[in-house]
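Let me begin by presenting the structure, written as structure tokens, before commenting on it.
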Amino acid sequence: MVEIKTFASGSKGNMYTVFDGKTKLMLEAGISIKEIKKALEFQTSNLGGVLVSHAHLDHSKSVKNLLKMGINVYLSQGTKDTLQLDNHRIKVIKSKEQFRIGTWTILPFDVQHDVNEPLGFLLQSDNGSKMLFATDTYYVKYRFTGLTHILIECNYDQQTLDENVESGRIHPAMRKRVMKSHFSLENLLEFFKANDLSKVEEIHLLHLSDGNSNTERIFKAVARQTGKMIFIP
């Protein structure tokens with residue numbers, strides 16, 4: 001059993017917590033420290049650590065404040081360098097090198113985004129739960145088995161994005177940037193086809209674009225293909 005909470009998801013900020021009954025982890029730190037403290041109900045002593053996928057501020061905004069509070073932050077060397085961090089609470093992690101935080105075994109993996117060394121995370125609890133977290137990537141090249149929970153980006157759907165370009169709402173150059181840095185509905189459906197979903201209990205669709213996504217279209221398409229319980233923050 002895993003408790004998943006979303007406090008922010010999207011270009012304005014990202015922050016999630018996962019709790020397996022023993023160890024609470026925070027994923028991303030892209031909102032203000034004031035908002036983070038409130039989300040955690042001002043209880044940080046039971047927080048095992050914070051995983052940060054990459055350096056963009058909507059994912060890393062409050063990293064320095066968390067370090068000052070004595071909380072361990074796990075991120076790649078590329079993210080550390082970009083944010084110009086230097087603190088003993090920083091734990092540099094590498095793609096495909098497994099590590100432990102409390103009752104969680106975590107395997108980082110490389111993703112495709114327009115920053116230095118972005119990561120996704122495969123998190124397995126001692127209680128048997130197995131969770132995938134992948135955001136801000138236009139593709140996930142790895143295949144996974146035995147997943148029970150999936151937290152994954154679905155930033156846009158191609159139809160809405162193309163309509164926005166045709167209407168002049170967004171510049172064609174922005175369309176190219178979105179397609180080379182974020183997960184589309186179409187790529188997500190292909191990802192689901194290629195992976196073992198037999199044990200999946202919940203799918204959380206993250207980081208939907210305010211302007212380039214149609215929530216109803218995305219929800220129906222994913223639900224139709226997977227037959228799973230879908231959450232869109």
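Here, each number is a calculation from the coordinates, and none is a lab measurement. As the structure is a computational prediction, the values presented were derived from the model and not from experiment. FYI the Cβ positions are ideal-geometry reconstructions off the backbone, even for glycines, and counts take in every protein chain you see.
Quick look at the values:
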| read-out | value |
| --- | --- |
| In Hz, Karplus ³J(HN,Hα) per residue of the range 219-233 (6.51, -1.76, 1.60; θ = phi - 60°; x = Gly, Pro) | 4, 5, 5, 5, 5, 5, 6, 9, x, 9, 6, 10, 10, 10, x |
| The range 120-209: translational diffusion in µm²/s, Stokes-Einstein, Kirkwood Rh over Cα pairs, 37 °C, 0.692 mPa s | 234 µm²/s |
| Beta bridge orientation in the range 3-231: antiparallel %, DSSP, nearest 5 | 50 percent |
| Selection from Leu85, Pro172, Phe7, by position along the positive dipole direction of the chain (Cβ) | Leu85 |
| Cα gyration tensor, the range 11-54 - rounded (a/c under 1.5), prolate or oblate | oblate |
| Proximal charge balance of Thr145 [Cβ under 12 Å; K/R count +1, D/E count -1] | +2 |
| Rounded Å value of the spacing that divides the Cα centres of the range 72-88 and the range 166-233 | 29 Å |
| CD proxy at 222 nm, helix term only [per DSSP H run n ≥ 4: -39500 (n - 2.57); per residue of the chain; nearest 500] | -7000 deg cm²/dmol |
